Amino acid sequence: MLRARQNHWVFLALAATLAVAGCTSGKRADGGESSPRGADSTLTIKGSDTMVILAQKWAQAFMDANPGKVLQVSGGGSGTGVAALINGTADLANASRPIKDKERKQLTKRRGVDASEFRVALDSLAVYVPAANGIEALTIPQLKKIFRGQTTNWKDVGGEDMRIVLYSRENNSGTYAYFKEHVLDNEDFAATAQTLPGTAAVIHAVSKDKGGIGYGGIAYAEGVRTVKVAAEGSDPVEPTMENATSGKYPLSRFLNIYSAGEASGLAKEYLDFVLSDEGQKVVEGVGYYPLPKEAK
C-alpha cells in the first residue's frame with residue numbers, strides 16, 4: 001500500500017544533502033544570504049540518512065509557512081548528527097536510534113547541558129530481498145545467522161540454491177546500530193557484508209542482485225519487497241503501520257530528534273510543527289508511520 005508513494009525516494013536519498021534547495025544553499029528564497037548558524041532565523045539539522053528525506057519535507061513545509069526562516073538539513077548518519085550536536089555545529093540531530101550514554105556524557109561535558117529527546121515518527125526496520133526472491137518470512141535467529149555469515153545459501157532457509165549476498169549500512173548509521181543490537185545481539189556483521197552509505201543505496205543494490213538481502217527504513221522500498229519477520233517462537237509479522245503501532249512487528253522503532261538542553265526559539269517552533277497534525281501528515285506521506293497518540 002505504501003510502496004506506490006515511494007517511487008522517487010531512492011533517487012532523492014542518493015543526493016540527500018542536496019535535495020532541499022532552500023535548506024542547504026545558505027540563501028533565502030529571495031536570493032539573499034541567510035543569517036549565521038544559530039541565529040533566530042536559521043536552524044541547522046544533521047544526522048540520520050533514514051530520516052533525511054522526511055526531515056527535508058518537514059523543513060520545506062515549515063519554511064513555506066514561515067518566510068524568512070531557513071532550515072539547513074543534511075544526512076551523514078545518526079552518529080554524525082549526534083557528534084555535530086555535541087560539538088555545536090548542529091542545532092538539532094536526527095537519529096534513528098536512541099542516543100548512547102557516552103554521547104550524553106560528551107554533550108554534558110562539552111556544552112554543559114543534557115540531551116533532550118523528541119520522538120517524532122515510527123518506523124518498521126524492514127528486511128528487503130529482490131522482488132523475485134520467493135522467501136516470505138525469516139525469523140530473527142535466521143537473520144542473525146545470515147548477517148553473521150553462518151548461513152550463506154538461500155536453500156538453507158527455504159529458498160533457491162543460491163549464494164546469499166549481504167548489504168548493510170555503515171557503522172555510523174543508527175539503522176546499523178539498531179539492527180546489530182536487536183538482530184545480531186551486538187555481535188559483528190559478517191566480513192563479507194557490503195556496507196553502503198544510506199538505505200537508498202542498500203535498496204538499489206538489493207534490487208539488482210538476485211541473491212541480495214538488506215535492511216532499512218520502511219519508506220525506501222522500490223524494486224524490492226519486504227519479508228515478514230518473526231521473533232523466536234512467534235508467528236511472522238508484516239512491517240505494516242498497524243503492526244508497528246501495536247508493537248507486534250519485532251523490529252519497530254521510534255525515529256528521534258535530539259537537542260542540546262531544552263529546545264527553545266526556532267528549534268522549538270520547528271519541533272512543535274513536526275509533532276503537530278500537519279507535521280505527522282508529512283510522516284505518512286513520506287512512507288513512515290505517524291506517532292501513536294500515547295507516544296507524543
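The values are calculated or read from the model by the stated rules, or taken from the named source; none is laboratory data. The structure displayed is predicted, hence computed values, not measured ones. Positions of Cβ are generated from backbone atoms using ideal geometry, with glycine treated the same way; all protein chains shown enter the neighbour counts.
How about segment 213-226: which of its residues are buried (at least 22 other Cβ atoms within 10 Å of the Cβ) and out of contact with any Gly (no Cβ under 9 Å at 6 or more places or on another chain)?
Ile213, Gly214, Tyr215 - these are the residues of segment 213-226 that are buried (at least 22 other Cβ atoms within 10 Å of the Cβ) and out of contact with any Gly (no Cβ under 9 Å at 6 or more places or on another chain).
At pLDDT below 95 and small (Gly, Ala, Ser): does that describe Ser173? In short, no.
Being in a helix (DSSP H, G or I) and either of a type in the set (Gly, Ala, Ser) or under 19 Å from the mean Cα position of the chain (by Cα) (or both) is the filter here; which residues of segment 38-74 pass it? Reasoning before the result, please.
Quick first cut of segment 38-74, residues in a helix (DSSP H, G or I) only: 52-65.
Within segment 38-74, Val52, Ile53, Leu54, Ala55, Gln56, Lys57, Trp58, Ala59, Gln60, Ala61, Ala65 qualify.
In segment 248-296, how many residues are in a loop (DSSP other than H, G, I, E, B) and among the aliphatic types (A, V, I, L, M)? Residues that pass the stated criteria total 3.
Can you pull out the residues in segment 164-207 that are closer than 22 Å to Thr139 by Cβ, in contact with a strand residue (DSSP E or B) (Cβ under 7 Å, 6 or more places away or on another chain) and outside any helix (DSSP H, G or I)? Working first, answer last.
We begin by selecting, within segment 164-207, every residue closer than 22 Å to Thr139 by Cβ; these are 164-169, 175-190, 192-193, 202, 206.
Subsequent filtering for residues that are in contact with a strand residue (DSSP E or B) (Cβ under 7 Å, 6 or more places away or on another chain) retains 164-169, 175-176, 178-179, 189-190, 192-193, 202, 206.
Within segment 164-207, Ile164, Val165, Leu166, Tyr167, Ser168, Arg169, Phe189, Ala190, Thr192, Ala193 meet the criteria.
Close contacts from segment 206-230, counting a first residue that is polar (S, T, N, Q) and a second that is surrounded by fewer than 18 Cβ atoms within 10 Å (Cβ to Cβ) and modelled with pLDDT under 95, with Cβ to Cβ under 6 Å and a gap of 6+ residues or different chains, come to Ser207/Gly223. Taking segment 147-162 as the range and being surrounded by 19 or more Cβ atoms within 10 Å (Cβ to Cβ) and in contact with a Phe, Trp or Tyr (Cβ under 9 Å, 6 or more places away or on another chain) as the test, only Phe147 passes.
Anything in segment 122-171 that is of a type in the set (Ser, Thr, Tyr) and under 25 Å from the mean Cα position of the chain (by Cα)? List them, or say none.
Step one: of segment 122-171, the residues of a type in the set (Ser, Thr, Tyr) are 124, 128, 139, 151-152, 167-168.
Result: Ser124, Tyr128, Thr139, Tyr167, Ser168.
When segment 191-207 is filtered for residues that are surrounded by 19 or more Cβ atoms within 10 Å (Cβ to Cβ) and in contact with a Lys or Arg (Cβ under 8 Å, 6 or more places away or on another chain), the ones remaining, listed by number, are Leu196, Gly198, Thr199, Val202.
Annotation: Ser234 fulfils all but one of (1) free of Cβ contacts under 8 Å to residues at least 40 places away in the same chain; (2) touching a helix residue (DSSP H, G or I) at 6+ places or on another chain (Cβ under 6 Å); the unmet one is (2). For first residues located in segment 95-112 and within 11 Å of Ala260 (Cα to Cα) and outside the structural domain of Ala177 (by TED's automatic domain parsing), partners that are modelled with pLDDT of 95 or more and surrounded by fewer than 20 Cβ atoms within 10 Å (Cβ to Cβ) and lie 6+ apart or on another chain with Cβ distances below 8 Å form the pairs Arg104/Asp114; Leu107/Val113; Leu107/Asp114; Thr108/Asp114; Arg110/Asn87; Arg110/Gly88; Arg111/Gly88; Arg111/Gly261. I'd like the full set of residues that are closer than 18 Å to Tyr178 by Cα and of a type in the set (A, V, I, L, M, F, W, C), limited to segment 87-138. Passing the criteria: Ala93, Ala95, Ile99, Phe118, Val120, Ala121, Leu122, Leu125, Ala126, Val127, Leu138. Here Ala61, Ala93, Ala137 are screened, and the one residue that is among the small types (Gly, Ala, Ser), modelled with pLDDT of 95 or more, buried (at least 16 other Cβ atoms within 10 Å of the Cβ) and touching a Pro at 6+ places or on another chain (Cβ under 6 Å) is Ala137.
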